[in-house]
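Coordinate-derived values only; no laboratory data. This one's a predicted model, so the numbers in the text were calculated from it and none came from an experiment. Cβ placement follows ideal geometry from the backbone for every residue including glycine, while neighbour counts extend to all protein chains displayed.
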Amino acid sequence: MTTPENHDRAPAERITRPEAARTAPQRKPSTGVPPEPVAEPAAPAPDPGTHDKDVHTVNEAVASSVRSAYDVLSETIGQGRKAAEQFRVGAYNVRDVPDDVRHMAANLLGLARQLSSATFDICEALLRQADGMMTPPPPGSTHVPAFHAPKVEPAPHHAAPKPAPHHAAALDELHLHVQFNGKHTARAHTKSVARPQVPTGADQIACDSLVAHGGGAAPITSIAFELHPTGHGLAVMVIVPHDQPKGIYVGPVYCSTQPLPLGQLVIEIE
């Protein structure tokens, strides 16, 4: 039997290792109470004074730019007037031109630098305002009413049916434009008849005769139907004989596409 040779380790020395992590489930008695939810931190409310500060910054930048522009323009105009006056009296030296031009250019560059700085200040303030407006409100600050389905009231049983609209009644009628040919004065008492149930041409509509109300006179048989030039309704031509007695004449209007008459044509000879 052989043993490992390790002369350096003491007899009582032991090797210790770190404790392994727990892998089994934790078996603790449950109290039956769910853990309290962790509330999310509310978003900080925007400071109302921030908006006023930004507006004040923008106003100051605009005012400073306007003042600087007026100062530079006033100084440049004054220098130009001075040079013009010296040139007019002959006291202006040509050697002063570079210095004057350099001075005016420096003024303009300074003005451009101030305007650029003011522009950046305004853009920065606008960005801060936009950031404040896009920040969502804190939870619970907005109150939205609950959704309710619209209440539909049942119609009462004794309610009378609503009358048909006027345009619907107009679509069911066929207007008649009655004209007369003859020496007698006549007029029509019929303005329209019922529209045929199926598409019908003007040549399929007719009135055989107009019979005198009460009898005693010959009927009027010369009646022609054609489409009105305007396209609305029918044009009816009634030829009245020269010896036709005065009175009221009535006749049914038929069409060949249905057995029921469309109405009656009533005229009066005066």
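For the reader, a short list of remarks on this structure follows.
- Qualifying residue in the stretch 238-254 (condition: farther than 12 Å from Val178 by Cβ and either in contact with a helix residue (DSSP H, G or I) (Cβ under 8 Å, 6 or more places away or on another chain) or hydroxyl-bearing (Ser, Thr, Tyr) (or both)): yes
- Residue, surrounded by the most Cβ atoms within 10 Å (Cβ to Cβ), within the stretch 179-209, restricted to residues that are farther than 15 Å from Tyr249 by Cβ and in contact (Cβ under 8 Å) with a residue 60 or more places away in the chain: Val193
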